[in-house]
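The values are calculated or read from the model by the stated rules, or taken from the named source; none is laboratory data. Quantities reported herein were computed from a predicted structural model and do not represent experimental measurements. Please note: Cβ atoms are built from the backbone with ideal geometry, for glycine as well, and neighbour counts cover all protein chains shown.
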Amino acid sequence: MEKFGFAIRETRTIDFEQFDERLLEYVLSYEPSFRVCLSCGGCTATCSAGNLIDFNIRKMNLLIRRGETEGLEKEINKCMLCGKCVLVCPRGINIRNVIMLIKKGIVLFNTSGKSDQRYYCHA
Amino acid sequence: MINIVAIGGGIAGIEVSSLLSGLGYEVTLLEKNSELGGKLQNYDALFPNFRPASDIKEYIFNKCKNNGFDIQTNTEIIDIARKNGKFLIRAKNNETFRADAVVITTGFDFFDARKKEEYGYKIYENVLTSVDLEEKFKRKEKIRTANGKIPERIAFIHCVGSRDEKSGNHYCSKVCCITGVKQAIELSEQLPETEIYCFYMDLRMYGQGYEELYRSAQENYNIQFIRGRLSEASENMDESLLIKAEDTLSGRPLKMNVDLLILLVGMEPSAGTSCLGKSCKLEFDNSGFIKTKDPHTQRNYSTEKGIFLAGTCSSPMSVNDTIENARSAAMEIHNYFQAID
């Protein structure tokens, strides 16, 4: 039988009371320059991967800074580590190192158990 | 002897009076309060280098002592009229002053945050303005919530009464951004365990050293900047505040509980500025500040001959902008009288 009726959707609100800080603190402890991001989007504009597929490194980094890590593992593997973002960053953030630390952090804290891609993909 | 009257004894009034008096003019400085110094009296430390505001106070007060101009406090001016080529300046107590030129230095008032009712100022106890906070710093008070708790999380709200047509002020007050950064750093130094967030629409770090201070806030004090305007604040059972905004950079709504909410209030033309301007038929900008004759080349001239402007009666300014603007006013007035002779 087909499913029908109402369903309860999870809220889209970023809730600071549910902030999972572990990954953010881990990245910041090894790459403190990550703090000074302005969200200017220079990294995203130059990103080799982002020019071909749906990958927004600026937004990904922002969501980590808001404690939102759902779907991160799949997302971060889109990065090819070419390093162009590091070249253009006006605040001199070592973004490639941020990416490497996120990858390590995901293993360490097993943070992206859920595979919810809602906030990373526009599709 | 040429007589000049400056109305308003804040930074601009004192600076312009002392310079004109040094140039040989007979100057009278009129102040409605019992003390000179204006808003500077309530400041603790100045951006971008945290120097004590008392340094600047000392600097301008020394000028009062060392330059022979007349100071009249408790003198509120209500009317400026022209009579036989002279200005007739009338005070509330019916005292009158005559002058060949007038400098308006009546300055600004802070936006009354109660008008932005949805932010809860004077409704919820844990909502303060940047002015309240600065006064607490000045009194060396420990920053606590209304019930005496150490705040765990504090949010600053930028552009309260600025860039907001709903509050009646569409313009940018210029100095609140950097004031927020300065106060956030001061709070973080006092309360290193407290999380501090700044909600902004744009961050306008226009002055020398401002951008560096903003970067330092992020880098050394871990202050978080979130791009989005607060929609509303509501009080929780424990008197903390639930605030809602959009995190516009991720395109998602956001909510957080904060123990203290600080509203960075903007600048408006002061009641004196509006009232005096009207009495002598000056033109006003659509922001309500007094209109200058030319926004680039004649910033100290009002639209009426012989009436000059110095300081924040013509637009929002920082302390150092005000000092410079007052100095240029003195030079312009001097040029004006040289040309007449």
Report task. Return the residue satisfying two criteria in turn: it lies in the stretch B:72-101 and is out of contact with any Gly (no Cβ under 7 Å at 6 or more places or on another chain) and of a type in the set (A, V, I, L, M), and of such residues it is surrounded by the fewest Cβ atoms within 10 Å (Cβ to Cβ). Result -> B:A81
Query raised in the report: Which numbered condition trips up B:L264, out of (1) aliphatic (A, V, I, L, M); (2) more than 15 Å from B:C198 (Cβ to Cβ); (3) away from every other protein chain (no Cβ under 14 Å)?
Result: (2)
**Report entry** Evaluation of A:T11 against (1) more than 27 Å from B:Y221 (Cα to Cα); (2) among the β-branched types (V, I, T); (3) outside any loop (DSSP other than H, G, I, E, B) (one fails), failing number
**Finding:** (3)
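Go through the stretch A:47-70 and give me each residue that's among the hydroxyl-bearing types (S, T, Y) and within 14 Å of another protein chain (Cβ to nearest Cβ).
Of the residues in the stretch A:47-70, the ones among the hydroxyl-bearing types (S, T, Y) are A:48, A:69.
Passing the criteria: only A:T69.
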Report summary line: Here, strands (runs of 3 or more DSSP E) confined to the stretch B:209-303 with at least 3 residues that are touching a residue at least 60 places away in the same chain (Cβ under 8 Å) and hydrophobic (A, V, I, L, M, F, W, C) are B:260-265
Report summary line: When the stretch B:102-121 is checked residue by residue, the ones that are surrounded by fewer than 19 Cβ atoms within 10 Å (Cβ to Cβ) and over 21 Å from the mean Cα position of the chain (by Cα) are B:E117, B:E118
Query - Yes/no for B:F156 being in contact (Cβ under 8 Å) with a residue 60 or more places away in the chain, of a type in the set (A, V, I, L, M, F, W, C), under 21 Å from B:G10 (Cβ atoms) and outside any loop (DSSP other than H, G, I, E, B) - result: no
Requested in this report: Could you list, in sequence order, all residues of the stretch A:71-93 that are under 20 Å from A:L28 (Cβ atoms), assigned to a loop (DSSP other than H, G, I, E, B) and either within 14 Å of another protein chain (Cβ to nearest Cβ) or touching a strand residue (DSSP E or B) at 6+ places or on another chain (Cβ under 7 Å) (or both)?
Outcome: A:C89, A:P90, A:R91, A:G92, A:I93
Query raised in the report: For the stretch B:158-172, does any single residue satisfy the condition of being modelled with pLDDT of 95 or more, within 13 Å of chain A (Cβ to nearest Cβ), under 22 Å from B:P48 (Cα atoms) and surrounded by 19 or more Cβ atoms within 10 Å (Cβ to Cβ)?
Result: no
